[in-house]
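See below for the structure under consideration.
The values are calculated or read from the model by the stated rules, or taken from the named source; none is laboratory data. Fair warning: this is a prediction, and the values are worked out from it, not measured in the lab. Cβ sites come from the backbone with ideal geometry, for glycine too, and all protein chains shown count toward neighbours. These area figures cover heavy atoms from the full protein model, side chains too; ligands, DNA and RNA do not enter into them. Shrake-Rupley method; radii C 1.70, N 1.55, O 1.52, S 1.80 Å.
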Amino acid sequence: MWNTPPELDFLACSLQIFLMPIRSSLMAKKHSTPKPPARRYFKEVRFRQIRALVELSRQGSFASAATSLGLAVPSVWQQVRALEDEYGVQLVIARGAHLSLTEDGQTLVEMAAPLVEGFDSLREMFTDRHRTTPRTLTIVAPAPMLHGALRKPIATYRKKFPAVNLTLIDRPSQMAREFIEAGGADIAIIGIAQGDEPLPQFHVWPLASYPFQLICPHDHPLATARRITLADIVRHPLVLSVEQSSSHRHIRHIFTQAGFGGRMNVTTTATNRALLLDYVAIRLGITICTSANDAKLPRPGPGECELTMRNLTAIFGHEEVFLLQRKSRHELPHVKAFREMVVKAMSEM
């Protein structure tokens, strides 16, 4: 007798349930009027139709779902309409480019999503169980995170899982998001700025919340101002993180909302906080950046001025950092172990 992995047993049983013409609670809402002769494109519920609905819920549009599935838009539309025909209820409401799930559609997605994720990861799960290929883990995150908050959990993971081929990729938050969306990483750790698009295709774990601060020379007018406003800040040259960072996009969003976006004078950008402070210390401008509450300013070097830090959370709030994983991928044990290490380590900071 074979020893079948329990997760495969569960998946097989679940798929059998969904691939049959299910008569679930949704059937209670079927119209009582007789159906016309069946001439629909699909004549019974098949797994590709369930997958199309789940992917549509993740992507938010027929065009995006079609791209993700490698299908034409009409094919995705037909898959979803076939499900509606089978269950006798409306699952999706489309008004122009805007798309939303009905209550029945959301119910069906919640039931089906774990099965789709498991099925799409079946080969990966099987390979991992039999160890026919080396285990890999690819992490994408901004350089300050890799060098800072992630340094300890990465070192701990390396000791505990030496056989895993660990790849660390340095990207600003926006580029890290695009990287994992394209399937280039197992986990992304990024900041999410105000105004960013939602992430329905990802599992999202909150990790940290860093306050925004103003850092300027000690003799700068804003260093001793009783009250600081956006109008005060925008009068001065700014040194910010790179444009693809979440902090830069968050700051620009706040200025733009207040009508000051066109007046921002960003003289230079930097990839990390240390560089930002160096540029401020040689008077290239003032900076708005984030850091832990207990972060201290460096002592001035030769030719550098002393710096002053002011809290700006009343204006800019906090930079929110999250861990992302694609919903369509089953979480393998060695991937789960890293995620749990990161969540635990950052909760203790």
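Go through the stretch 179-214 residue by residue and tally those that are surrounded by 15 or more Cβ atoms within 10 Å (Cβ to Cβ) and farther than 22 Å from ALA337 by Cα.
Qualifying residue count, the stretch 179-214: 10.
Condition (residue is small (Gly, Ala, Ser) and modelled with pLDDT of 50 or more) applied to the stretch 33-51: is it met by at least one residue?
No, the stretch 33-51 has no match at all.
Go through the stretch 249-263 residue by residue and tally those that are in contact (Cβ under 8 Å) with a residue 12 or more places away in the chain, open to solvent by less than 30 Å² (accessible area, probe 1.4 Å) and more than 15 Å from HIS318 (Cβ to Cβ).
Within the stretch 249-263, residues that are in contact (Cβ under 8 Å) with a residue 12 or more places away in the chain, open to solvent by less than 30 Å² (accessible area, probe 1.4 Å) and more than 15 Å from HIS318 (Cβ to Cβ) number 1.
What is the one condition in (1) at pLDDT 85 or above; (2) surrounded by 13 or more Cβ atoms within 10 Å (Cβ to Cβ) that ARG58 does not satisfy?
(1)
Let me confirm something: among ILE286, ILE282, which residue is among the aliphatic types (A, V, I, L, M), open to solvent by less than 30 Å² (accessible area, probe 1.4 Å) and at negative phi?
Exactly one of ILE286, ILE282 is among the aliphatic types (A, V, I, L, M), open to solvent by less than 30 Å² (accessible area, probe 1.4 Å) and at negative phi, namely ILE286.
Can you pull out every residue in the stretch 134-161 that is open to solvent by 10 Å² or more (accessible area, probe 1.4 Å) and of a type in the set (Val, Ile, Thr)?
THR136, THR138, ILE154, THR156 - these are the residues of the stretch 134-161 that are open to solvent by 10 Å² or more (accessible area, probe 1.4 Å) and of a type in the set (Val, Ile, Thr).
Test ASP232 against the criterion of being of a type outside the set (A, V, I, L, M, F, W, C), part of a loop (DSSP other than H, G, I, E, B) and in contact with a helix residue (DSSP H, G or I) (Cβ under 9 Å, 6 or more places away or on another chain), and give yes or no.
Taking the combined requirement at face value, the residue does not satisfy it.
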